[in-house]
Every structure is written in C-alpha cells, then in structure tokens.
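One structure, as structure tokens, below. Some questions next.
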Amino acid sequence: MTKWLLTGSQTVGPFFAPALLREDARRHVLTQSETVGERIRIEGHVFDGDGVPVPDAMVEIWQANAHGRYNHPADQGPAPLDLTFIGFGRSGTDDNGRYWFETIKPGRVAFDKERLQAPHICVTVFSRGLLNHLVTRLYFADESSNADDPILQQYVPAERRATLIAPREQHNGTVVYRFDIILQGAGETAFFNV
Amino acid sequence: MEHTTIGAIIRGDREVFPPYLYEAYQSTRRRAPTLPLIDVPLTISELTGPGPRISAVTPEDADLTRNAGTGGEAIGQRIIVTGRVLDDRGNPVPNTLLEIWQANAAGRYLHKRDQWPGPLDPNFLGMGRCLTNEEGVYRFLTIRPGAYPWKNHPNAWRPAHIHFSVFGPSMLSRLVTQMYFPDDPLHSLDPIMQSIPTEEARKRLIATYDHNVTEPEWALGYRWDIVVRGPYATPFEAEVR
C-alpha cells in the first residue's frame, strides 16, 4: 500500500502559550473527586544543556487509569474504564522551568499477551528550539515491577534508566514524584524514538 | 490487512522530520538531545492517546476574525484555511482536535515576549481550535498573518505561517507544525522551514491557494492537508521478540 508522505514537524516556537495554555486548554489536574486511585503530584523542571531552566516549554502526559486501562478505543483490555478519568494532562513551565500535575498513579498495562509493563506515564515535551517534540516515560521509584518492565530493562540502556525513574517524596501529606527533564548534557533524559 | 503489531519498531520519518540539532536555528543548540533516541517497541501506551474530550470546542473558536469577543473584527486579509487530516494511508482522521495560533496581519503576536514594534490589533487574539468532522475536514476563518522579525541572525524574518497542533488517533500521530503560504520569498531564508530535510517534505508544509475555497465578496481560500501517522497497530495480537 502506498504510504502518504507525512507532514513534518516544526517547533512550537515561543508564542504558543495563549493558545495551548489558555485556561480551558491547559490541564494540570487530571482527576475528579470520584476518580479511583492514589492521588499523586508530579513535579519537575525542564533544563537545557547549560542546566538553565527552560521557561517556555510545554509538557503533556498520557496515562492509564488506576486499573491499568487507557481511555481510548484501542485499549480493549479487561481492566475497567474509569469514566471520570481521561488521562491527559498539559502544563507549561513557569519562569523557573517548573511544571506540575495532580493525577493518580496508573495501574499496570499489557506489554504483550503474557507480560505486563510497570506503571508509567507517557511524557511529551515541546519548546522553542525543539524542532520535533520529545517523548519519554516516567516510572515510579517505589514500584518493584520496574525490575520486570520490558521497555526499561530490555531497551533502555542501564546507565540511562535512572533518568526515567521518579523518586517518591512526601510534602505535607501529598505524595510527590519528582521528574526533571534534562534536554541535553549531563544526566540527559532518555528519550524514545516514538 | 497489513498491521504493525505491538513489538514492532516503526520508523522511517527521517526524510520528513527535522534533526533535533540544526545549527542554523540557534535555539536548537542547547536544547537538542545529544544521545541517540532509544528505539522501543510500540505498546498500548503509544497506540492510544487523548481523544476529542480534552477540549470544549465551540464553533466560534474556529473564527479568529471575531473570537476576541470584542464585537469588532480583526484587521487584515480575510482567509479561509481548510483541509483534511489524513493518516499515511490516506484515511481521514475524524473528530480530532486542532489548535492553531498565529501573528496578526502586521506580524505581531499577542504575547509578552513579542516586543517588536509591529502594531497590535485589539480585535485579534491569534488563536483558534476546531475538531475535524467525519471526513477529517477542518476549517478556520482567520486573517492572513504577517511576516515578523526574530533575533536568530541579522535581519532574520519568519515567513508568514500559522502554527498547528494536531492530536490524531494515538500518541504516534501527535504533531505540532507550521503551515506556510505559497510563493513566499522568505521560505528559502528561514532556517526553521529549511530544517525539514527534503524539498518534497517542505512542500507538504505549504498551503495551496484554492479558488473553490474562496468565497465571493468575502474571503480568499487556502487548502492544506495534514498527514499524520496512522493507528494500524493491533493491540494484544503481538508476537513480541
């Protein structure tokens, strides 16, 4: 079958915020009061190759619900849907390069017919100077299933795995997973060819 | 029917997508990753993605000439920009969210970081959004944006363009890009557009003037189709290595 030529990517540029981060387009809080799952906060910075915070980036996340089911027709898995949970978040970075989300910890989803993946959140980064967006994953430091996760263990080189694993912290009763995204240089985040 | 199954690594976008490091576009130098991207098998995480429910789109959102809500109309050449969102087999992508933003007719963005002395237009916000219909068709009414200067190199000007953000059926189809206008002498001088590696792929970013889209006594018409990666994977039927 003839494949159509794809439309190429271009940078989001410096001026996207009024459109993509307007009040009804950004989405820091993914949960509603009825949403099932452990409440967590995800917090981090985006840094450039000089270690300088990137104040004009946008971070999007996509995740399964607490049962391990994506709110999408392609996911026909046995885990139940949570109709109060879409699983999409979008945050800008502030002047200190910081982004944040309030969400729930996702359940495990299938890797193939036999194996499950460790809980994870898909992370996409856009900014001026990125001609294509970047794709990575956040894994949770306190999950023992990380040791069996096929992507983490078979595809991500051992020396880069730590960049994908968010440590768990507690702040005033809130569970925070810290996930800094380093675009370039020392500690460069492992980005995926997706 | 041919399927890409979970476990397969699909690539082959290097003729279409720019490199991360493109020296002529200075902002890439400290933001481009230096280590190779990691090839990973596609899983249900990549083969799903947010649907249209992430945004409450109203018909007014697609009219940038009036959506500032001032009661006034934006100044500039009124244009219709329409086209289809297709996957790379030519199938329409229905019911997907498009978000656009652009400079005003004078080339000025309504943004605190845009401080060049082009005039602002109080009746123009420069942002819009819509969902594609069942045939994958989108349509915006706006004004033709102006070119504007930037500080990338001496006497640098961006050609007139409209930024597009597209979701499509899955994480694989997520795309942020820019639509350009035909016959613009600034194209060959613009490092952002020239970062697209082939002439054929650059042409994909340029809209076509279409007199059938033009409405008499009203607006000039441009047609621009967007081709994103399709949802061919068949989850849960994978034979993984």
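Filter segment A:166-190 for residues that are β-branched (Val, Ile, Thr), surrounded by fewer than 21 Cβ atoms within 10 Å (Cβ to Cβ) and within 17 Å of the chain's Cα centre (by Cα) and give the result.
The answer is A:Val175, A:Val176, A:Ile182.
While we're here: Within segment A:139-162, identify whether any single residue is touching a residue at least 60 places away in the same chain (Cβ under 8 Å) and buried (at least 20 other Cβ atoms within 10 Å of the Cβ), and answer yes or no.
Scanning segment A:139-162, I find no residue that is touching a residue at least 60 places away in the same chain (Cβ under 8 Å) and buried (at least 20 other Cβ atoms within 10 Å of the Cβ), so the answer is no.
Could we say that A:Gln63 is touching a residue at least 24 places away in the same chain (Cβ under 8 Å), under 28 Å from A:His171 (Cβ atoms) and surrounded by 23 or more Cβ atoms within 10 Å (Cβ to Cβ) here?
Yes; evaluated as a whole, the condition is true for this residue.
If I ask for residues that are without any contact (Cβ under 8 Å) to a residue 40 or more places away in the chain, assigned to a loop (DSSP other than H, G, I, E, B) and within 14 Å of chain A (Cβ to nearest Cβ), which ones from segment B:204-227 would you list?
Residue satisfying the conditions is B:Leu205 alone.
Confirm whether B:Gly168 is assigned to a strand (DSSP E or B) and crowded, with 18+ Cβ neighbours inside 10 Å.
In short, no.
Of all residues in segment A:165-185, how many are part of a loop (DSSP other than H, G, I, E, B), more than 10 Å from chain B (Cβ to nearest Cβ) and in contact (Cβ under 8 Å) with a residue 12 or more places away in the chain?
Within segment A:165-185, residues that are part of a loop (DSSP other than H, G, I, E, B), more than 10 Å from chain B (Cβ to nearest Cβ) and in contact (Cβ under 8 Å) with a residue 12 or more places away in the chain number 3.
Results for (1) hydrophobic (A, V, I, L, M, F, W, C); (2) more than 25 Å from B:Glu15 (Cβ to Cβ), shown as yes or no for each residue.
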position	(1), (2)
A:Ala110	yes, yes
A:Glu114	no, yes
A:Ser127	no, no
A:Thr136	no, no
A:Tyr139	no, yes
A:Ser144	no, yes
A:Ala147	yes, yes
A:Ile151	yes, yes
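Select the strands (runs of 3 or more DSSP E) contained entirely in segment B:46-159, then report the ones holding at least 1 residues which are more than 12 Å from every other protein chain (Cβ to nearest Cβ), within 24 Å of B:Ile226 (Cα to Cα) and in contact (Cβ under 8 Å) with a residue 40 or more places away in the chain.
B:78-87, B:127-131, B:137-143
Considering each residue of segment A:1-32, count those that are more than 7 Å from chain B (Cβ to nearest Cβ), out of contact with any strand residue (DSSP E or B) (no Cβ under 8 Å at 6 or more places or on another chain) and over 25 Å from B:Lys112 (Cα atoms), and give that number.
2
Of the conditions (1) surrounded by fewer than 23 Cβ atoms within 10 Å (Cβ to Cβ); (2) of a type outside the set (Gly, Ala, Ser); (3) closer than 30 Å to B:Gln178 by Cβ, A:Val123 satisfies every one except a single condition; which number is it?
(1)
Every number in this text was worked out from the coordinates using simple rules, so none of it is lab data. These numbers were taken from a predicted model, which means no experiment stands behind them. Positions of Cβ are generated from backbone atoms using ideal geometry, with glycine treated the same way; all protein chains shown enter the neighbour counts.
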